[in-house]
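Heads up: the structure comes next, in structure tokens.
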Amino acid sequence: MPNTFLTKEGYDKLQEELDYLRSTRRTEIAERLREAAFGEELVENAEYEAAKNEQAFIEGRIKDLEGLLSTARIIESPPKAEVVQLGAKVLIQESGSKESEQYFIVGPAEAHPIEGKISNESPLGKALMNHKVGDQVEVQAPDGSFKVKILEIA
């Protein structure tokens with residue numbers, strides 16, 4: 001199984017979700033199932049079916065989280081990196097734009113573009129990897145290609 005790259009914050013967040021699902025949500029679903037089982041006939045009991053579906057979803061999520069966390073490698077913030085790598089914060093400017101944007105390069109499990117966290121496997125993240133300040137990088141995105149300039153790496 002391939003490594004899952006996570007920041008310490010991302011690892012802790014996923015571990016917290018896993019602990020919550022194991023301890024609290026499993027108990028809540030078990031209680032819902034017990035209550036629903038004493039209701040109408042099980043064949044026609046919509047609440048029982050809904051609880052069983054939710055239980056399956058939660059167990060699937062628990063299994064996914066266990067897999068992610070078991071292969072996790074913590075991304076250390078690189079000390080003043082020369083090139084873009086996992087854990088780097090990158091300030092870029094798209095060609096033709098006066099605005100700059102900052103992104104934090106993380107693994108796919110932790111990517112959240114709205115929060116400025118992009119995956120090293122995304123088109124932009126992949127294009128930026130291993131480039132240095134001043135480089136003009138061409139990004140091959142689903143909507144077409146565009147160029148960005150790397151202004152700063154932190």
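Things to note:
- Taking only the C-alpha atoms of the chain, the Rg (one decimal) and the largest Cα-Cα distance, Dmax (whole number), read 21.6, 69 Å.
- Hydrodynamic radius by Kirkwood, which averages 1/r over all alpha carbon pairs of segment 89-153, in angstrom: 11.7
- Computed [θ] at 222 nm, helices only, for the chain once each DSSP H run of length n ≥ 4 contributes -39500 (n - 2.57): -11500 deg cm²/dmol
- Computed across segment 4-74, the Kirkwood hydrodynamic radius from all distinct Cα-Cα pairs reaches 13.5 Å.
- Of the beta bridges in the chain, as assigned by DSSP with both residues counted there, near 75 percent are antiparallel.
- Projected label distance in nm at A56 and V133, using a 7 Å step from Cα toward the beta-carbon: 5.4
- FRET efficiency for T27 and E49, using Cβ-Cβ distance with R0 set to 22 Å, rounded to 0.05: 0.65
- The chain - percent relative contact order, Cα under 8 Å, separation 6 or more: 23
- Taken along the Cα-to-beta-carbon direction at a fixed 7 Å, the label points for E94 and D64 span 2.9 nm.
- Cut-off under 5 Å, modelled amide H: who pairs with A72 long-range: T4
- Virtual spin-label span in nm between Q15 and E115, 7 Å along Cα→Cβ: 1.6
Computed from the coordinates by the stated procedures, all read-outs in this text should not be read as laboratory data. Being a predicted model, the structure only gives us computed values, none of them experimental. In this analysis, Cβ positions are derived from the backbone assuming ideal geometry, glycine residues included, and neighbour counts consider all displayed protein chains.
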